[in-house]
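Some notes on the structure that comes next.
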Amino acid sequence: MHKKFVNHCTIDFTLITDGPILIKSGKEGADPTKPDMEFVETYHAGGRSIYLPGSSLKGAIRAHAERIVRTVGKDRRDPNNSDILWANDPLSDKYDYLQKKSAPEIYKLSSFTDQMFGNTSIASRVRIEDAYPDKSQPLKIEERNGVAIDRVFGSTVPGALFNYQVCTAGEFHTKIHLKNFTLAQLGLIGLVLRDLDDGWFGLGFAKSRGLGTVQVKLNSAVVQYPGCVLSEDKQQINALGSQKQWNKTFLLGAGEFLESEEAKLYSFPKPDSQDTPVAAQEMDLGFGVQLTWQEGTVNDLFERGVRSWSSLLVGSK
């Protein structure tokens, strides 16, 4: 199934610093005039610039997604009820249960979050771009001092003074891409971005000391069905190569595009659709179908995904 490309979602958003933030560079320079901990930099838009690596964003988003799933489900697979959601610890899981399994069995046996973010046996279906600064909003970068604390006595450690670089103001633009997703998985991404905006978790260095909080501004979202076309009257979405047909306003999960046997083989929910106030349009070049949520309406998309997420939780009890 994963050799197909049945649906794709692009979430365009901006991360606005809500306090100091530092994504540390992995290298320490020999220049004594620079701080001990520098912000990671890259070449962008014709010069050097700080940025938020997509790998750092993905790690934070995955970790919180796993916390959510463990909160409402379990931290290990229930052999007596495979419908119960669970999220493993990818750092300690040896994945013995995936050995010598077929591709459908590997996906079906993997945890809910592994199905999205991947593991040693399946590729990730979530891709997050590097977040680069918005040139229209000036960055404010400063240096701060810190000191190591003795965990036993609670006093400062002599000679353990250090300084670090932080960004205290700026906006960083990025995108999340999901392919072959279910609506429940889309809903989970929405919950994670909501919690990030609410300050439930942060990004980067020294999160427990108040660094790393950001606001999330949702700019737009596009859901695409590359294997579909609009009917002649523009009122229906038609799947090419099959008789499947949906109303032009339907949000469709991956299971909708599969035959019942194949969906069951991978454990994709079917039916997996939600009606929306957004009408489908043709993709570029007149091939494929897409639904677009503009700024101010993206939460409507996530709310519909969360409905499917809630239904999945009720069905797994």
Report the relative contact order of the chain, percent, no decimals, based on alpha-carbon pairs under 8 angstrom and at least 6 residues apart. 25
Using θ = phi - 60° and the Karplus form 6.51 cos²θ - 1.76 cosθ + 1.60, what ³J(HN,Hα) does each residue of segment 135-148 get, whole Hz, x for Gly and Pro? 5, 6, 10, x, 7, 10, 10, 9, 10, 10, 9, x, 9, 6
For the chain, with a Gaussian network of springs between Cα atoms less than 10 Å apart, report the residue from P53, P79, P269 with the top mean-square fluctuation. P79
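State which entries of K58/K140; K4/K179; K58/K207; K58/K179; K135/K179; K101/K270 exceed 18 angstrom in Cα-Cα distance in the structure shown.
On the way: K58/K140 24 Å; K4/K179 10 Å; K58/K207 16 Å; K58/K179 15 Å; K135/K179 30 Å; K101/K270 23 Å.
Too far apart for the 18 Å limit: K58/K140; K135/K179; K101/K270.
Give the accessible surface of segment 1-116 per residue, rounded to a whole number of Å², with probe radius 1.4 Å and ligands, DNA and RNA excluded. Please list the in-between numbers first.
Values: 6260 Å² over 116 residues.
Dividing the accessible area of segment 1-116 by its residue count gives 54 Å².
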Share of carbon and sulfur in the accessible heavy-atom surface of segment 214-279 [1.4 Å probe, %]: 47
Considering only G286, G19, G118, give the residue with the highest GNM mean-square fluctuation for the chain, with springs between Cα atoms whenever their separation is below 10 Å. G286
Charge dipole (debye, nearest 20) of the chain; +1 at Cβ of Lys and Arg, -1 at Cβ of Asp and Glu: 680
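Taking 0.36 nm per residue of sequence separation and subtracting the Cα-Cα distance, how much length would be gained by fully extending the chain between E41 and F162, in nm to one decimal? Kindly include the intermediate steps, with their values, before the conclusion.
Details: separation 121, 0.36 × 121 = 43.56 nm, distance 2.02 nm.
Extra length available between E41 and F162 comes to 41.5 nm.
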Return the carbon/sulfur percentage of the accessible area of segment 69-181, one whole number, probe 1.4 Å, all protein chains in place. 48
Using amide H atoms built in the peptide plane, which far-off residues or other-chain residues are under 5 Å from H44 H to H? S49
Put +1 on the Cβ of every Lys and Arg and -1 on every Asp and Glu Cβ in segment 80-173; which of S124, I106, C167 then has its Cα farthest towards the positive end of the dipole? I106
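The values are calculated or read from the model by the stated rules, or taken from the named source; none is laboratory data. Remember, predicted model here, so these are calculated numbers, not experimental data. Heads up, the Cβs are rebuilt from the backbone with ideal geometry, glycines too, and the neighbour counts pull from every protein chain shown. Calculation scope for accessible area: heavy atoms of the full protein, side chains included, ligands and nucleic acids excluded. Shrake-Rupley method; radii C 1.70, N 1.55, O 1.52, S 1.80 Å.
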